[in-house]
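Trainee: Pasting a structure here, questions to come.
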Amino acid sequence: MKKYFYFALGSVFLFSCNNETKNPDSAEIEDSVSVVSIERYQTEIFQTNADEYTAVTVNKLTGKVFIGKNAAGWYEATNAESIPAYDIPTYSISVFKGPDSSAQVALLDSETGKIYMYIVGHTANFYNTNIPLETLEKASN
């Protein structure tokens, strides 16, 4: 009797190990691609008044920032100094109101702690605020 029990148990184990793994269908692949796309970009909308707005989008891997004013067209807000590209989402943006009601964009590099600033309509390039993470850490000690 024990022989049959062990034989049955071994057969079940062997059968479960021989199951083939299924390849994901195209719907599962599309879902995973859309998740990656969502994680790759961040968009912020800043409204200056009832008739004007600024949309700012960053590619979180490369740090490239694109600005659109009132849906009249998009342009790249360039960076005078080269910034590194990463394999994982590293960059983020924060958009806030400047003293003259223009949108100001802070580009944050979470890997190095560097912060770059861009004033929409007033600045040709992002400029480095010269506050690397090491400086902040030294100041807190």
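The values are calculated or read from the model by the stated rules, or taken from the named source; none is laboratory data. Keep in mind that this is a model prediction, so the values were computed, not measured. Cβ coordinates were reconstructed from backbone atoms using ideal geometry, including for glycine residues, and neighbour counts include every protein chain displayed. Ligands, DNA and RNA are stripped out before the accessible areas are found, and what is left, the full protein with its side chains, is counted by its heavy atoms. Shrake-Rupley method; radii C 1.70, N 1.55, O 1.52, S 1.80 Å.
Trainee: If R₀ is 25 angstrom, what is the calculated FRET efficiency for the pair Tyr86 and Asn128, using the beta carbon separation as r and rounding to 0.05?
Mentor: So, using R0 = 25 Å, E works out to roughly 0.90.
Trainee: Also, quick follow-up: To the nearest 10 Å², what's Ser82's accessible area with a 1.4 Å probe?
Mentor: Surface accessible to solvent at Ser82 totals approximately 110 Å².
Trainee: What list of ³J(HN,Hα) values in whole Hz, one per residue of the range 105-113 in order, does the Karplus curve 6.51 cos²θ - 1.76 cosθ + 1.60 (θ = phi - 60°) give from phi, with Gly and Pro shown as x?
Mentor: 10, 9, 9, 10, 9, 6, 6, 9, x
Trainee: What whole-number distance in Å separates the alpha-carbon centres of the range 77-97 and the range 36-69?
Mentor: The range 77-97 and the range 36-69 have Cα centres spaced 11 Å from each other.
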